[in-house]
Every structure is written in C-alpha cells, then in structure tokens.
Protein chains: 2
Amino acid sequence: MSIQNREVVLTGDRPTGPLHLGHYVGSLANRVALQEKYKQFVMLADAQALTDNYENPQRIREQVTQVVLDYLSVGLNPEKTTIFIQTSVPEIAELTVFFLNLVTVSRLQRNPTVKTEIGQKGFGLSIPAGFLMYPVSQAADITIFKARYVPVGEDQLPMIEQTNEIVRTFNRLYKTDVLREAEAIIPPIARLPGIDGAAKMSKTLGNAIYLSDQTDLIVKKVMSMYTDPNHTRVSDPGKVEGNPVFSYLDAFDPDKQEVARLKEQYQKGGLGDVVLKKRLIEVLEAFLSPIRERRKIYEADIPGAMEMVKRGCEEARTVAAHTMQQVRAAMSLDYFTS
Amino acid sequence: MSIQNREVVLTGDRPTGPLHLGHYVGSLANRVALQEKYKQFVMLADAQALTDNYENPQRIREQVTQVVLDYLSVGLNPEKTTIFIQTSVPEIAELTVFFLNLVTVSRLQRNPTVKTEIGQKGFGLSIPAGFLMYPVSQAADITIFKARYVPVGEDQLPMIEQTNEIVRTFNRLYKTDVLREAEAIIPPIARLPGIDGAAKMSKTLGNAIYLSDQTDLIVKKVMSMYTDPNHTRVSDPGKVEGNPVFSYLDAFDPDKQEVARLKEQYQKGGLGDVVLKKRLIEVLEAFLSPIRERRKIYEADIPGAMEMVKRGCEEARTVAAHTMQQVRAAMSLDYFTS
C-alpha cells in the first residue's frame, strides 16, 4: 500500500451493535467526506469493546460483521478507507504495553471520560484493569498509524489529551520524533436526539433508528415519535425546539426551504403530527433506500465483504509494523536488526 | 521445533544487571538441572524490566547481552533450553491485553508482591500503570507457553496464584481448556547471603560476587568479607552461623567433609579468617574457572551467541503464536481463519 503524502485520520467504533442515524449524522457522513481528502483508517475496536464485554465476545464477533455492512452501505470505500479490526493488528497491543509504563495509575483514574463511564457502567470498585487502561490502548491505536486527526465528540477530548501526553513523554524519554501528536476534529453536528426526545440516540436507551431498519419498522418508529406533547389538535400551535421530528428533518431533508416552511406552519398551527411524520418517513426512506440497496449487495456476499476487511487488516498491519520497528529502535529493543 | 511430550518449565530474569553467585545458587544451578528433564523456556524479561526502568532502556539492552553470556557460561544449553527475549515475542503483549479485562484494578492493588515492591521502589502515588499490571503480563508469559512449572522464590507465590486465577477465569468465560494452571517449584536453597553478611546477595546492596568477576576481584571481595566480628584472634572460638564465608563453602565446596572439619576447628578456635578465606577463594576459583572459560568462548563471538538467542526467540514465537491461535478461537476473534 502507498500511504501517499496525505495526512492520516483515525476513527472507529466499538462493534457492540448496529449503527443508527445518530452514528450517521455524528460520524459516518463525516467519514465518507474525509476519505476523499485524507488517508483514513476506520477501526472496528473489538479489543476496546471487550473491555466491558469480555464475558460475551461472541456478541462482539457478530456485530463486527454487521458494522462492516453498515460501513460499506453508507459509502465507506475500501479503496479509499482502510477498514480494519483492532485485534487483527496485534502491534497495537505491543505498543499499549510499552505505553503503560509512561502513565501513572492515578493519572488514568483522573481521566474524566473514564471516570464518567465507570460510573455509568456501575463497575463500583471492581473496575477491570483493561477498562481503566483503555485510554492507553487508544493512544496506541492513534499513534501507531501516526494519525494527525481524530474525529471525536467533545466528551472524548480528554482521550486525545492523554494520547498527546504519552506521545510527548515517549519522544522525550527516547529522544525521538517517531510518534506524533494528534488533533481532535469535532464534527459540526455531533448529536441526533432519540425518537423518544432524549438528547441522544442510543442503542442502550432503545430510542434509535438503525441504518439497517426496514420500511415497516421505520414507519412504526416514526409514527411513535415524541413531538410537542401540547400539540394535541392540528390547529394548535406546536413547538419546533426539542421536537425530534424537526431535528431529523434538519439532518436528512435535502429541501431546506420546505423544512423552513413546515416549521413555520407547525409553530402557527395547522400542521398535524401525522402529516409531518409522513413527510419524515418519505425523507428517511429516500435517504435509506440507496444505503439499503448497497447493503443488499454486500449482504449477498459476506465472505467477499470480510475479504475486503482482511485486506484492510493487512494494510493496517503493514503500517503498524513499520511504526513498531521505529518504536523498538527508539527504545533500543531492536536486538536482531541492527 | 518439537515440544515433545515433556512438561514445560518457564523461568527467567529481569535483565537489569549481571548475574551473581546468589542467582546461581537460587536459580541457575536448578535450571541447568531442569533442562535435562523438562522443555525449559528461559526468558530475558526486558519488558518487565522496563516497567521500572522505562527511562533507561539502553541499560536493559546492554544487560540482555551480559545475561545471555551468564546463561551460556553456567551451562544453559540452547539445544535444550529455549532462551528468548520477552519483547521479541509480541504475542505476550497481545495476551496481556486480553488478560487485563479479567482482573480488577483493586485485585492488582492487593497483590502482596507488587505492594511490597511499590513500597521498596518509592513510587509513592505515581505508580506506572505498567508496573501495577506486571503480574498480568507475567500470567501471559507463563500461560502462553503452557508452562506446567515455574521455579520461583517464596515471595513470588502470589504471582502464580494471580496467574492461576486468570487461567480459571479465562477457561470458564470462554468455555475452553486451552490455558493451563501452573505450579510453583521452590528451589531447595533459595538464598545466599551477601559478602557483608546481609541476608541476601543483591546488586542493589552492592554485596555481590558476580559470575563474571575476575580472580583479583574475587580475592578482594572474599578478603573483605564479613565474618564473626568477635573472632579477633586466630585462637578465639568463632561463630559459623551467620558467617557468610561458611554459607559460601556450604554452597560451593564439593568436599563436604573438609567443610565440616573447618567448621569444627573454627568454632573451637585455632582457625584464622585469612586461612579460611583463602580456602574459599580456592573453592570459588575452582567453581568459576570452567564458567569463565565458557564465557571467554562466547564473548569472542557475541553475534554468534545472539544468533542462538534469535533462534530461541523464533522457537518461542512459534509456540506463543500457536497458543494465541487457540486463544483467539476460544474468544471468537479468529475472523479470517474459520
């Protein structure tokens, strides 16, 4: 593979479930654009998913295939984007182990993202060591590919900070510049609300519309969507803010003028939720139908899709192995090459 | 390589300095015997040495070569014993990362060996994550080679316990029996006192006689050895207990009868320290001279010695890679092989 002279972007997902519209708006759309400009690596972070799913690796395994289909169907192009599986690049684990010496336990315990997640996951005092360490593993993910940019949500900024701290420590201690600092790219629209009106669409909250949902399920989900609870009669004026139907139209309806008109009508009164929701169903169907068609093609040949991922893993390993050679040389651990 | 049907023994050293008589008595002699009966892996634990020497990897690098010369000169035979370098088997790091999910942070903080060492090393609250994790890395060292026996000192027993806990968790969670529990072998004579009479010979205490020490240095060290401080005149009765000169004679003098006679004479009075020490010098010279001769041969061809280690690393990787295949299959992470 040729890395060319393009800057590297690293991004990815924990393969813990199918991807939904929130993922599309928050990251997938961005990745489809980024692949035109950058050398993009998209990682299926199975090792990271295992840090809190270690009791059920089979589930992660199954979701890897589903997420691959999601990636391909939204238009990630394996010719432009290296899609790979984290555990298929064991060099990442190797670098993680070296990085663990450069971070103190108390520094990890202070990491705000990890702290929040430990609370959410209810680990109590039984925090798996792998979970506490995952920012170190992330630092290895990012630096082994010499990523310049990492698209993340605001809540992930401490991870980039931790990565850059490690990079600086490594380069200083081992008098080298093989590792580079990374910069966060915060995507413009970061968050899509759930169909229940919750601030965030999420698998765990059960309020998501998935990229792989079929028409009947889309209809069912949209028709049951939360709107303005005080908008009981068609003639009542309704609220646009905090109304997820409008958030989805903003995100997916290409006819911005029509969306503006609908908002105005809704706020005045005279636009019923059913009519509005039918419009959203049309918009989502128009958006999802090419995605579904591509998905159907890949689904018919899953071994072929996984073969593409295999090539991605090989490509990623080549880059990672090259960085590890440099890392080992910098650390004087290149016993048999010099 | 053929593993044959022999049980596997795993042992090794942190390459932080040259090996001394204490190492010989406590482990090397045992290893030279074990290689006749078992499939023995001896690991130069450079990754583990880095957990508290990460600021100076160059030193570890240099000591690796010295320890290899120590191994070969005492009679570890690369035809019988697989001598390898830990970081040259990256599969160990891979397994370590999976194992980190199976141990809680608080369990690691309770590990008595680690607790003691954290105190000794004066880390305070700034414990490198890699240091806290090193029992997990050790569990990977042991299990990746499916070691049945691990020769350790009493103080290392908690490490074996931690390893077996991880093995049981792994096999239970992933419904497998690929990993096996290990058993400690506590060597008969575990400890040689220092030349200063301290309970333990150690590089840090500066009270060691090294396997690579030359005659003039041996003479100097033995002549300055601590004996019975109340044994001031030749005619005085002297103490044998707590007198390191006698401990060394017990360990290295093949003529046990003569040692018994000397002890009797010393306790009665009439045996001077100088005469006694001259005897010890002779004994140590007789013990060290074949070691020195072998060392000279290997020193004359260090690239040749390192080539043997390279072959050991390849052998070790073959075994480790095979275990990792089984581990990945058990964890459903064998994406491209099934």
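Applying a threshold of 8 Å to beta carbon distances and a minimum spacing of six or more residues, or different chains, the list of pairs starting in region A:153-177 at a residue that is away from chain B (no Cβ under 14 Å) and ending at one that is part of a loop (DSSP other than H, G, I, E, B) and among the charged types (D, E, K, R) reads A:G153/A:R191; A:T163/A:E181; A:N164/A:E181; A:V167/A:R180; A:V167/A:E181; A:R168/A:E181.
Taking (1) over 16 Å from the mean Cα position of the chain (by Cα); (2) within 14 Å of another protein chain (Cβ to nearest Cβ) in turn, B:D141 satisfies each apart from (1).
Of all residues in region A:170-185, none satisfies being among the charged types (D, E, K, R), crowded, with 18+ Cβ neighbours inside 10 Å, in the same structural domain as A:I92 (by TED's automatic domain parsing) and not in a helix (DSSP H, G or I).
Of everything in region A:122-142, what is assigned to a helix (DSSP H, G or I) and in contact (Cβ under 8 Å) with a residue 40 or more places away in the chain? Give them in sequence order.
Correct list: A:G130, A:F131, A:Y134, A:V136, A:S137, A:Q138, A:A139, A:A140, A:D141, A:I142.
With the structure loaded, tell me whether B:P193 is surrounded by 15 or more Cβ atoms within 10 Å (Cβ to Cβ) and assigned to a loop (DSSP other than H, G, I, E, B) or whether it fails that test. Explain how you work it out, then say what you get.
Working: surrounded by 15 or more Cβ atoms within 10 Å (Cβ to Cβ): yes; assigned to a loop (DSSP other than H, G, I, E, B): yes.
In short, yes.
Checking each residue of region B:251-263 against the condition of being of a type outside the set (G, A, S), within 19 Å of B:D196 (Cβ to Cβ) and at pLDDT 95 or above gives at least one match. Report yes if B:R311 is surrounded by fewer than 16 Cβ atoms within 10 Å (Cβ to Cβ), assigned to a helix (DSSP H, G or I), touching a residue at least 60 places away in the same chain (Cβ under 8 Å) and touching a Pro at 6+ places or on another chain (Cβ under 8 Å), otherwise no. Criteria met by B:R311. Select from region A:92-122 the residues that are surrounded by fewer than 21 Cβ atoms within 10 Å (Cβ to Cβ), aliphatic (A, V, I, L, M) and farther than 27 Å from A:K146 by Cβ and list them in ascending order. Matches in region A:92-122: A:I118 only.
Checked against the criterion of being among the polar types (S, T, N, Q), surrounded by fewer than 24 Cβ atoms within 10 Å (Cβ to Cβ) and touching a residue at least 24 places away in the same chain (Cβ under 8 Å), the candidates B:Q63, B:Q86 yield just one match: B:Q63.
In a residue-by-residue description of region B:96-115, the property of being free of Cβ contacts under 8 Å to residues at least 40 places away in the same chain, assigned to a strand (DSSP E or B) and more than 23 Å from B:I186 (Cβ to Cβ) applies to at least one position.
If you go through region B:317-334 one residue at a time, do you hit one that is assigned to a helix (DSSP H, G or I), free of Cβ contacts under 8 Å to residues at least 40 places away in the same chain and crowded, with 19+ Cβ neighbours inside 10 Å? Yes; the residues of region B:317-334 include at least one that is assigned to a helix (DSSP H, G or I), free of Cβ contacts under 8 Å to residues at least 40 places away in the same chain and crowded, with 19+ Cβ neighbours inside 10 Å. When we screen B:Y248, B:Y298 for residues that are away from chain A (no Cβ under 14 Å), of a type in the set (S, T, Y) and touching a Gly at 6+ places or on another chain (Cβ under 8 Å), the only hit is B:Y298. When B:P187, B:P135 are checked against the criterion of being more than 21 Å from B:H23 (Cβ to Cβ) and under 16 Å from the mean Cα position of the chain (by Cα), a single residue qualifies: B:P135.
Scanning region A:112-122 finds no residues that are at the interface with chain B (Cβ under 10 Å from one of its Cβ atoms), among the small types (G, A, S) and more than 20 Å from the chain's Cα centre (by Cα).
Hey, can you tell me all the residues within region A:283-298 that are crowded, with 16+ Cβ neighbours inside 10 Å and more than 30 Å from A:L262 (Cβ to Cβ)? Outline the logic, then answer.
So in region A:283-298, the residues crowded, with 16+ Cβ neighbours inside 10 Å come out as A:283-284, A:287-288, A:291-292, A:295, A:298.
If the condition is that a residue be crowded, with 16+ Cβ neighbours inside 10 Å and more than 30 Å from A:L262 (Cβ to Cβ), then A:Y298 is the only one that fits.
Is it true that B:E79 is part of a loop (DSSP other than H, G, I, E, B), closer than 30 Å to B:L288 by Cβ and of a type in the set (D, E)? Spelling it out, B:E79 is indeed part of a loop (DSSP other than H, G, I, E, B), closer than 30 Å to B:L288 by Cβ and of a type in the set (D, E).
Per-residue answers, yes or no, for (1) touching a residue at least 60 places away in the same chain (Cβ under 8 Å); (2) surrounded by 14 or more Cβ atoms within 10 Å (Cβ to Cβ); (3) farther than 30 Å from A:A329 by Cβ; (4) among the β-branched types (V, I, T):
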{"residue": "A:M201", "(1), (2), (3), (4)": "yes, yes, yes, no"}
{"residue": "A:K239", "(1), (2), (3), (4)": "no, yes, yes, no"}
{"residue": "A:V245", "(1), (2), (3), (4)": "no, yes, yes, yes"}
{"residue": "A:L249", "(1), (2), (3), (4)": "no, yes, yes, no"}
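Listed by position, the helices (runs of 4 or more DSSP H) enclosed by region A:213-282 that each have at least 3 residues that are over 32 Å from the mean Cα position of the chain (by Cα) and farther than 20 Å from A:V25 by Cα are A:256-268. Checked against the criterion of being modelled with pLDDT of 95 or more, within 13 Å of chain B (Cβ to nearest Cβ) and under 17 Å from A:M308 (Cβ atoms), the candidates A:V42, A:V68 yield just one match: A:V68.
Going by the structure shown, is A:Q48 closer than 21 Å to A:A140 by Cα, within 11 Å of chain B (Cβ to nearest Cβ) and either within 12 Å of the chain's Cα centre (by Cα) or crowded, with 23+ Cβ neighbours inside 10 Å (or both)? Judged against the criteria, A:Q48 is a match.
The values are calculated or read from the model by the stated rules, or taken from the named source; none is laboratory data. Since we're looking at a predicted model, the values are computed, not measured. Cβ sites come from the backbone with ideal geometry, for glycine too, and all protein chains shown count toward neighbours.
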